[in-house]
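For reference, the structure is listed below as structure tokens.
The values are calculated or read from the model by the stated rules, or taken from the named source; none is laboratory data. Everything quoted here is computed from the prediction, not taken from an experiment. All Cβ positions, glycine included, derive from the backbone under ideal geometry; neighbour counts span all protein chains shown. Only protein heavy atoms, including side chains, enter the accessible area calculation; ligands, DNA and RNA are left aside. Shrake-Rupley method; radii C 1.70, N 1.55, O 1.52, S 1.80 Å.
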Amino acid sequence: MFKQIELKYELNALEPHIDTLTMETHYGKHHAAYTNNLNNALKELPELVGKGIEDILINLDQIADLRLRTAVRNNGGGFYNHNLYFGILSPNGGQEPTGELAQRIKEDFGSFETLKEKLAAASAGVFGSGWGWLSAESDGKLVISSTPNQDNPLMTHGGKLTPILGIDVWEHAYYLKYKNLRADYIKAIFNVIDWDAVAKLYAARK
Ligand code: MN3
């Protein structure tokens, strides 16, 4: 049984950048539903019991039944992506990265500001529902990408990229407060991204 990440902050703690009603709906309904639907799909896939979610998502093509493969792709992706998303948000976020991650950002993008601009542009440019991503290769190189739906870099790069930061640009992530202004939501979310949490994922990359 996969379980939603426990939040390290209250549902109203990310105000005014992420509003309370959005958090209640997003974490309490959407993420809960992905998790529930994933667990239901896995009841029909006993061979996957005990595997980690990363392993399952990297090897989706090993699920022979196309209905179940789609269910795990969408709901397993939704489960994993939101665990990452809610885990790298914090009311104490918005700081500058430090240490190894900061050094690599400078090497790969020139500056933290440039990284934020490029990540914001990739996220804003998703057509329809999807995600903007910052991931790391095993040697530490940082890669920005985007995916549709609940796909993620584990699926698109066969495990060669470890996602370390995901920006959810589904309308359910921002529409209650920002309406059609996705770019304003993306600008605001940088105020609550916990770069210490991102750095931990970077250090733990595979
Ligand atoms: Mn979402």
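Select from N40, H26, N81 the residue farthest towards the positive end of the dipole of the range 20-87; place +1 on Cβ of Lys and Arg, -1 on Cβ of Asp and Glu, and compute about the Cα centre.
The residue sitting most towards the positive pole is H26.
Once you have all Cα-Cα distances for the range 99-203, histogram them in 5 Å bins from zero and send the whole-percent values.
2, 13, 23, 25, 20, 11, 5, 1
I'd like the distance separating the alpha-carbon centroids of the range 8-24 and the range 68-86, in whole Å.
Each part's Cα centre sits 22 Å from the other's.
Please give the direction-averaged projected area of the C-alpha convex hull for the range 20-87, in square nanometres with one decimal.
Values: hull surface 18.0 nm².
If you wrap the Cα atoms of the range 20-87 in a convex hull and average its projections, you get 4.5 nm².
Whenever you get a sec, compute what percent of the accessible area on the chain sits on carbon and sulfur atoms (1.4 Å probe).
On the way: 5120 of 9970 Å².
Heavy-atom surface of the chain belonging to carbon and sulfur, 1.4 Å probe: 51 percent.
Per residue, how much accessible area does the range 99-203 show when a 1.4 Å probe rolls over the protein heavy atoms, in square angstrom?
Numbers: 4580 Å² over 105 residues.
Counting only protein heavy atoms, the per-residue value for the range 99-203 is 44 Å².
With a cut-off of at most 12 other beta carbons within 10 Å, and DSSP calling the residue loop, which trypsin sites (Lys or Arg not before Pro) in the range 153-204 qualify? Please list them. Walk me through the intermediate numbers first.
Numbers: sites: K160, K177, K179, R182, K187, K200; in loops: K160, K179.
Listed in order of number, the matching sites are K179.
Would you mind listing how long the chain runs along its three principal axes, going by Cα atoms, in whole Å with the largest first?
46, 40, 31
Let me confirm the definition first: pairs of Lys residues in the range 103-206, 8 or more apart or on different chains, C-alpha distance under 17 Å. How many are there?
Here the count comes out as 13.
Compare E137, E113 by solvent-accessible area with a 1.4 Å probe and give them largest first, with all protein chains kept in place. Show your work: numbers first, answer last.
Values: E137 60, E113 95 Å².
Heavy-atom accessible area, descending, gives E113, E137.
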